[in-house]
Amino acid sequence: MQLSQITTQPPVVSKYGNVTFLLWRGAEFGVVLTGDGRPGPFTGPFSRAEVEDAIAPYARRM
């Protein structure tokens, strides 16, 4: 499954201090947003550029 398909649904959002975790449960994909809104560690066989593009709408809201 492509990352753009996974991220069409909103993620479950958990915040821990200055770190936010976005989790797409059905797809078993998650990404950590650092305090400055950039992606940190993530799961899956995706490139960092793909992840940044796919989560951009959610990262801007945080």
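Each reported figure results from applying straightforward, stated rules to the coordinates on display, with no laboratory input. Owing to the predicted nature of the structure, the values given are computational and were not obtained by experimental measurement. Using ideal geometry, Cβ is built from the backbone for each residue, glycine included, and neighbour counts are taken over all protein chains shown.
Below, the figures for the structure above:
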{"item": "Unmet criterion (only one of (1) over 19 Å from MET62 (Cβ atoms); (2) in contact with a Phe, Trp or Tyr (Cβ under 9 Å, 6 or more places away or on another chain); (3) among the aliphatic types (A, V, I, L, M)) for ALA27", "result": "(2)"}
{"item": "Any hit, the range 10-21, residues being touching a Phe, Trp or Tyr at 6+ places or on another chain (Cβ under 6 Å) and aliphatic (A, V, I, L, M)", "result": "no"}
{"item": "Among (1) touching a strand residue (DSSP E or B) at 6+ places or on another chain (Cβ under 7 Å); (2) surrounded by fewer than 13 Cβ atoms within 10 Å (Cβ to Cβ); (3) at positive phi; (4) not aromatic (Phe, Trp, Tyr) - the single one GLN9 does not satisfy", "result": "(3)"}
